[in-house]
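Chemist: What follows is a structure written as structure tokens; I'll ask about it next.
The values are calculated or read from the model by the stated rules, or taken from the named source; none is laboratory data. Everything numeric here is computed off the predicted structure, so don't read it as measured data. Neighbour counts are summed over all protein chains in view; Cβ atoms, including those assigned to glycine, are modelled from backbone coordinates with ideal geometry.
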Amino acid sequence: MKTKRVLRALAAIAALASCFSLATASPAMAADGWQRTTNVSDDEYNNGRAKVCALANPWGIDRAKACFQPHGEWFWLNDLSSNNEPAGMDWYSGNRSGVAYWDGSAQAGWTNLNKSFSVEGQRFTFRACEVNLSTRRVVESTCSDWEHTTT
């Protein structure tokens, strides 16, 4: 009898520990999907680190610029149009994907979002677009070509 109670208690503890480990996320497992960028100074963007950029300029009108900085895995986004449409960076890498967006003023200048990828040198693909926040979709007709780099 005592052995069965001990085994049940150990099983309950193991189950609880398993649930706790699933509920806690490392930075590499952090939320993807739709995430808002943060307004920063242009000096932060001009940090001397190499970036790969995409420019959304349908019909010759600059709408948004999105950049990926592999060092530190930073997303940079600049809304270049004062048309009140949010700017976005549509991205994917491995089995992860999402949209970083800025819905504040185009006068903000550069905004950013820090991500963490567990695999160095993994292919990272992105494009700059305007986005529709009510439908959670990129506005395809405004998107740049896809850019490719590595994490």
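Chemist: How many of the residues in segment 53-90 are small (Gly, Ala, Ser) and in contact with a helix residue (DSSP H, G or I) (Cβ under 7 Å, 6 or more places away or on another chain)? Lay out the reasoning, then the answer.
Modeler: Of segment 53-90, the ones small (Gly, Ala, Ser) are 54, 56, 60, 64, 66, 72, 81-82, 87-88.
Cutting the leftovers down to in contact with a helix residue (DSSP H, G or I) (Cβ under 7 Å, 6 or more places away or on another chain) gives us 56, 81-82.
Qualifying residue count for the region: 3.
Chemist: Still on this structure: Taking residue 118 as meeting all but one of (1) buried (at least 16 other Cβ atoms within 10 Å of the Cβ); (2) part of a loop (DSSP other than H, G, I, E, B), write down the number of the exception.
Modeler: So residue 118 meets the others, but not (1).
Chemist: Provide a single number: the residues in segment 121-151 that are over 24 Å from residue 59 (Cα atoms) and surrounded by fewer than 12 Cβ atoms within 10 Å (Cβ to Cβ).
Modeler: Restricting attention to segment 121-151, the residues satisfying the condition of being over 24 Å from residue 59 (Cα atoms) are 121-124, 134, 149-151.
Of the ones still in play, those that are also surrounded by fewer than 12 Cβ atoms within 10 Å (Cβ to Cβ) are 121, 134.
The total comes to 2.
Chemist: Among the residues of segment 112-121, is there at least one that is of a type in the set (Ser, Thr, Tyr), farther than 16 Å from residue 40 by Cα and modelled with pLDDT under 95? Step through it out loud before you land on a result.
Modeler: Initial filter on segment 112-121 (of a type in the set (Ser, Thr, Tyr)): 116, 118.
If we keep only those that are farther than 16 Å from residue 40 by Cα too, we end up with 116, 118.
Now drop any that are not modelled with pLDDT under 95, which leaves 116, 118.
Yes; the residues of segment 112-121 include at least one that is of a type in the set (Ser, Thr, Tyr), farther than 16 Å from residue 40 by Cα and modelled with pLDDT under 95.
Chemist: Separate question: Output the residues belonging to segment 32-51 that are touching a residue at least 40 places away in the same chain (Cβ under 8 Å) and at positive phi. Spell out how you get there, then give the answer.
Modeler: Taking segment 32-51 and keeping what is touching a residue at least 40 places away in the same chain (Cβ under 8 Å), we get 32-42, 44-45.
Result: 33, single match.
Chemist: Residue under question is residue 78, and the condition is that it be farther than 20 Å from residue 150 by Cα and either without any contact (Cβ under 8 Å) to a residue 12 or more places away in the chain or part of a loop (DSSP other than H, G, I, E, B) (or both); does it hold? Talk me through it step by step, then tell me what you get.
Modeler: Details: farther than 20 Å from residue 150 by Cα: yes; either without any contact (Cβ under 8 Å) to a residue 12 or more places away in the chain or part of a loop (DSSP other than H, G, I, E, B) (or both): no.
Spelling it out, it is not the case that residue 78 is farther than 20 Å from residue 150 by Cα and either without any contact (Cβ under 8 Å) to a residue 12 or more places away in the chain or part of a loop (DSSP other than H, G, I, E, B) (or both).
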